[in-house]
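None of the figures in this text is laboratory data; all of them are computed from the coordinates on show. Source: prediction; values computed, not measured. Note that each Cβ is placed from the backbone with ideal geometry, even for glycine, and that neighbours are counted across all protein chains shown.
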Amino acid sequence: MKWLQLVYHSRKKYDITIFQTPLFGENKGYRQVYRLTIGGHSHQDVIKRVFSTFNVLDRLPKDFKARYIFTGDIILIDEGLRGMSYYQLQSGGWVKINRMQVC
């Protein structure tokens, strides 16, 4: 039981923002389409949870009005004082990118 408590407490809360372009395939004009807080053990864990949530119709939040996550979309992970990290879905998977590419 103590092991389960340790695993539960090691989860951190991450502030997540999803950015998409108005049309699939564009590489300029990203805008925020959804924001949420999600628990996870690492950035990779959180990205996996976000991707699986926003690519299955039955898991989509009721207030989500954008399209599924596709190649080119960006996830911002904000850790407050620890900083922000941007990840873009590319053909080979999620790649950490520079903030300047979002604007």
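Can you give the FRET efficiency for MET84 and ASP63, using 1/(1 + (r/R0)^6), R0 = 25 Å, r = Cβ-Cβ distance, to the nearest 0.05?
Working: r = 23 Å, r/R0 = 0.94.
Result of the calculation: an efficiency of 0.60.
Over all other residues within a Cβ to Cβ distance under 11 Å of HIS41, the charged ones net out to +3, with Lys and Arg as +1 and Asp and Glu as -1. Which one, LYS65, LYS48, LYS28, has the greatest fluctuation when you compute a Gaussian network model over the chain with C-alpha springs under 10 angstrom? Evaluated over the chain, the most mobile residue of the options is LYS65. Quick check: the angle from helix 43-53's long axis to the longest principal axis of the chain, C-alpha only, nearest 10 degrees? Helix 43-53 sits roughly 70 degrees off the main axis of the chain.
Report the net charge of residues surrounding LEU23, where surrounding means a beta-carbon distance below 14 angstrom and charges are Lys +1, Arg +1, Asp -1, Glu -1.
Around LEU23, the charge tally is +1.
Return the single residue from SER42, SER91, SER52 with maximal mean-square fluctuation; model: Gaussian network over the chain, springs between Cα atoms under 10 Å. It is SER91.
Given C-alpha coordinates of the chain, what is the ratio Rg to Rh with the Kirkwood estimate of Rh?
Values: Rg = 14.5 Å, Rh = 14.5 Å.
My calculation of the ratio gives 1.00.
Helices in the chain, meaning DSSP H runs of at least 4 residues, each add -39500 (n - 2.57). Divided by all residues, the mean residue ellipticity at 222 nm is -5500 deg cm²/dmol. Could you list, in their original order, any pairs among LYS28/LYS48; LYS12/LYS62; LYS28/LYS96 whose Cα atoms are separated by more than 19 Å? Correct reply: LYS28/LYS48; LYS12/LYS62. If you take all other residues with their beta carbon under 15 Å from the beta carbon of ALA66, and give Lys and Arg +1 and Asp and Glu -1, the sum is +3.
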